[in-house]
Amino acid sequence: MKTPLPCIVAMGGINAGGRTSFHHAYLRTVWDALNPDQRADVLRGLATLRGPDVTTDKAGERALLEGTLIRRITHPHYDPDNLPMCRNVDLPASVEAPLTFTLPRRELPAAIPEHWQVEMQEDGQARITVTRPKQVRITVSRQSDVKSAGQLPEGFDPARYYNARFQPRGTQMALFAASDALHQMGIAWDRILAHVAPDQIGVYGGTGFPPTQAEGMGGTMQAWLKGERVSSKSLAMGINSMPADFINAYVLGNVGESSCAIAACATFLYNLRDAVHAIQAGRVRVAMVINAEAPITPEIVEGFNAMGALATQERLNKLDGTENSDPRHSSRPFGENCGFTLGESAQAIVLMDDALALELGAQILGAVPDVYTHADGFKRSISGPGVGNYLTFARAAQLVRDMLGDEVLRNRTFIMAHGSGTPQNRVTESRIFHRVAEHFGVEKWPLAAVKAFYGHSISVASGDQMASALGVFEHGLLPGIPTIDKVADDVFADHLDIRTGTRTLEQAGDSVALLNSKGFGGANATAPVLGPGLTRALLRQRHGEAALAAWASRHEVVATASAAYRERAQAGEYEVIYRFGETVLDDEQVTLDGEGIGLEGYPQAVSLKVPNPYGKLKTEG
């Protein structure tokens, strides 16, 4: 039996460049190479994200473009020049005592402080006299050193499109991403359920950091310190798997596999690995890989800044020899840089095994033959680089050579680099690419680093790389790194083709993208992603010319449905799926018989003929 080939049949999401479906966010990164019609299409997409009555004339165009990609942190996040914080103030002995104030009785602490004298009053108040004040906590504000981040397009609010009360921003973004992918797929979910048993569907994903917004873990951690009550919802909403959980419960009604791998910046690829391996093993026939991250909060920004990991305004000014460095150029992969820039993003792809993709006439956007993941081994600093990516990247290159030959590996592959934008990363990552290129005889490897545009979206970073790679396959344009003037002198660039501007790739649809990711802490991953032309060639070899012809005929209806969603999305009709309280399953909707488990609303049953590779225990007698 042939091992199933996981094919990419849909993509969706949102990041600082715009909407993922139909490559809109990607096209924003190759703006300099677009023709007038393509630019008009991108602007129309950005205008509808921003809201009604947004113009795309010259003035409107500038506002739309400036409201994308990396830029100064602003609404709806926070003001980096006015961050609230608490400061403990020691009062000198000269402060007059006693201090007197009143509180409602119900707000008195359970344990009365040593220097409080409490007098209950008839109006329900308590009069407190502090005899010897020593320390008080006051609210002040300060400026953040970090001024920029990759933010969703200005004016876009994912909560605008469905009832998103009490949900953290990342979860809202995840629902948008999943819906965008499902509509772009062009195949109704009911049609998939008619062909696939419910246990043959999987959802893989989550978030890297628990949401630190008030609706998530941030609310749980902050409430008492802010004098507020802890919400019954915020702890649950702060669980890392919540994006996948919401897709299962409110989008797909999934009862199949679901998991959430956490691997810092390599998280998307680790979840992709789980989906790919599940399809290859035959356990799953349809998989959604989804990650969402909304890290632009003071807590996460200041946490990274305390480690010296982020590009600060002061360090950027020093690099540029100015007092007002452009925040849009804060992320500078493989150039003279001083730290990375955070970004927010949600990305989703849908995978099918190749037989099902042909049967349903699905879009063939690419294929993922494997994902390689390795840890760093022994090392000095937990956050520092290690040897893991030598293993992931070299093994991915070897698979490309084994499957497609030396010519494809040497002349038709390009790298979607991790490219975080730190001085250490530019050296260590480029050295890995350099040595692997030498080993396989690659003269010049084209390289892109999309964090220059979107920022570092942590768990979604490789999802941004994936979406960009699929755009390259379709349009043949590889984004440059326009935020740098030149490649830094310490980069191992002999075998790398790093450019500041967009370049054209010949035979892009018949090429391979190598998605590389370095996870903070030591989780590394590389995924070879085959272009649609190569994927169709493999399908022809595996299934025959007649099967491809039949697929092409069935695909016409799918392509028409997908194109119809494109027009609706360009008009702002995103149709976010949120089936809260619909067709809820309980005991009454479950039936058991000798052959399987039936679930009301699912055309196929879950088989009870489970694989047993161990045989049956023999008993005496």
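Read the figures in this text as sums done on the coordinates, not as results from a lab. This one's a predicted model, so the numbers in the text were calculated from it and none came from an experiment. Every residue, glycine among them, receives a Cβ derived from its backbone with ideal geometry; neighbour counts consider all protein chains shown.
Here are some pairs, Lys451/Lys486; Lys379/Lys486; Lys147/Lys451; Lys147/Lys486; Lys2/Lys444; which of them have Cα atoms lying more than 27 Å apart in this structure? List each step's numbers first, then the result.
Working: Lys451/Lys486 16 Å; Lys379/Lys486 31 Å; Lys147/Lys451 16 Å; Lys147/Lys486 24 Å; Lys2/Lys444 35 Å.
Correct reply: Lys379/Lys486; Lys2/Lys444.
To the nearest 20 Debye, how big is the dipole of the chain about its Cα centre, given +1 on the beta carbon of each Lys and Arg and -1 on that of each Asp and Glu? Please list the in-between numbers first.
Numbers: 58 positive and 69 negative charges, 184 e Å.
I would put it at about 880 debye.
Here the sum of -39500 (n - 2.57) over DSSP H runs of 4 or more residues, divided by the residues of the chain, equals -10000 deg cm²/dmol at 222 nm, to the nearest 500. Helix 169-185 against the longest principal axis of the chain: what's the angle in degrees, Cα atoms only, rounded to the nearest 10? That works out to roughly 20 degrees. Relative to the longest principal axis of the Cα atoms of the chain, the long axis of helix 532-543 makes an angle of roughly 50 degrees.
About its Cα centre, the dipole of segment 38-191 is roughly 280 debye, where the only charges are +1 on Lys and Arg Cβ and -1 on Asp and Glu Cβ.
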